[in-house]
Amino acid sequence: IALSAIHLLHSGLSSETVMVVLPADHYIGDEGAFKLCIEEGANLARSTSGLVTLGIIPTVPHTGYGYIEAGDKVEGGNSPRFHIKQFVEKPDRGRAEKYVMSGRHYWNGGIFLWTLKAIKDSFETHLPQVWKALSAAQGPSELATAYQTLPSVAVDVAIMEKAKNGYVLPAGMRWSDVGSWDAVYQLNEPAGSGNVVLSGNVHALESKGCLVKVPKEKKVALLGVDNLVVIDEGTSLLICTRDHDQLVRKASEKFEP
C-alpha cells in the first residue's frame, strides 16, 4: 500500500487524490450498492482528510472475520457514517452473537479509502521506516533489498488501529471474502436436495446442506448426514461440518513437513 501511494504521488497525481484499496478475491453480490459505497467513502475521505473503511453489515455471527465497532456518528452524506471506536479481533461465537445484535459492529472487509496525503502522513507517523525506505529506493534491485528489511504487518494493525482519524461507512452489498468452504456453499445455489456438488458423482439419501468437491469420476454416497464438507484434492481428504470449517488452517498445520 505504501509503495502504491508513493508511485501514485511520483506519477504526478495531486496529494488530494483519493486512493481505494480493494482485496482482489472478494465476492460482491450487489455491484450498484458497492459503487454507491465507494462514492460515499471517497467523499468522506476528501471532506475529513481521514482514513475510511467500509464496514460490512453482518448477517450472521461469523467467527472468522474481524469486526469494527462504530463510535460517534458523523453528520452529512447520503448514508450513515461513524468514527471508528475500535477494531476487534476474530471473536468466539458468544461475542460474535452480541456484536451482530448490537447494531454497532461491522465486519472488517479490508476495503479502505483515503487521500494520498492522508495515507502518506499516516505512514510517516506510524511506520516512518517503511515510507522512508520505499521512497529512497531507486530501481528494482534497491526496491527488492529495501523490501526485505520491512516489517510484515497488516495495514489494519499498523495504521488503522492507531489512527485518530478513522471512519467506518456501513455497507450492505452482499459481500464475502470466500475465505471458507461454508462461504463457497453459501455462494452456490444448492440443488433440490440442498446440497452443493462442485464435482464428483454424488448420491445423497436423507442428507442436506452438504458441499462436495472430489475428482469427477469418484463416487460419493451421503447417507443421513447434514451440513458436511467433503473435499478430496490430491493426497488430502477433508471432512468436517460447515460450522467447523474455520479449523481447516489449524488442521493443515499438522500435515506440514
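Points worth noting:
- Taken over region 132-142, the criterion of being open to solvent by 20 Å² or more (accessible area, probe 1.4 Å) and either touching a residue at least 12 places away in the same chain (Cβ under 8 Å) or hydroxyl-bearing (Ser, Thr, Tyr) (or both) is satisfied by Ala133, Ser135, Ser141.
- Residues of region 186-219 classified as free of Cβ contacts under 8 Å to residues at least 24 places away in the same chain, of a type in the set (A, V, I, L, M) and surrounded by 18 or more Cβ atoms within 10 Å (Cβ to Cβ), total: 6
- Test: residue in region 24-39 that is of a type in the set (Ser, Thr, Tyr) and more than 15 Å from the chain's Cα centre (by Cα): no
- Take the conditions (1) farther than 18 Å from Ile159 by Cβ; (2) modelled with pLDDT of 95 or more; (3) among the β-branched types (Val, Ile, Thr); (4) surrounded by fewer than 17 Cβ atoms within 10 Å (Cβ to Cβ); Thr63 misses just one of them, which is (2).
- The sole residue among Phe34, Phe87 that is surrounded by 14 or more Cβ atoms within 10 Å (Cβ to Cβ), under 24 Å from Ala163 (Cα atoms), touching a residue at least 60 places away in the same chain (Cβ under 8 Å) and of a type in the set (Phe, Trp, Tyr) is Phe87.
- Selected residue (criterion: surrounded by the fewest Cβ atoms within 10 Å (Cβ to Cβ)) from residues of region 236-256 that are among the β-branched types (Val, Ile, Thr) and not in a helix (DSSP H, G or I): Ile239
- Residue selected from region 90-124 under the condition of a type in the set (Asp, Glu) and within 22 Å of Arg46 (Cβ to Cβ), by the criterion most open to solvent (accessible area, probe 1.4 Å): Glu124
- Residue within region 124-134 that is modelled with pLDDT of 95 or more and assigned to a loop (DSSP other than H, G, I, E, B) present: yes
- Filter result for Ala183 (farther than 30 Å from Ile6 by Cβ, surrounded by fewer than 20 Cβ atoms within 10 Å (Cβ to Cβ) and in contact with a helix residue (DSSP H, G or I) (Cβ under 9 Å, 6 or more places away or on another chain)): yes
- The numbered conditions (1) over 14 Å from Leu51 (Cβ atoms); (2) among the aromatic types (Phe, Trp, Tyr); (3) modelled with pLDDT of 95 or more; (4) part of a helix (DSSP H, G or I) are all true for Tyr147 except (3).
- Matching residues in region 1-26 - criterion: being open to solvent by 80 Å² or more (accessible area, probe 1.4 Å) and small (Gly, Ala, Ser): Ala24
- Entry remark, region 42-60: residues being surrounded by 21 or more Cβ atoms within 10 Å (Cβ to Cβ) and touching a Ser or Thr at 6+ places or on another chain (Cβ under 8 Å) number 2 in total.
The values are calculated or read from the model by the stated rules, or taken from the named source; none is laboratory data. Remember, predicted model here, so these are calculated numbers, not experimental data. Cβ sites come from the backbone with ideal geometry, for glycine too, and all protein chains shown count toward neighbours. For the accessible areas, the whole protein counts, side chains as well, though only heavy atoms, and no ligand, DNA or RNA atoms are used. Shrake-Rupley method; radii C 1.70, N 1.55, O 1.52, S 1.80 Å.
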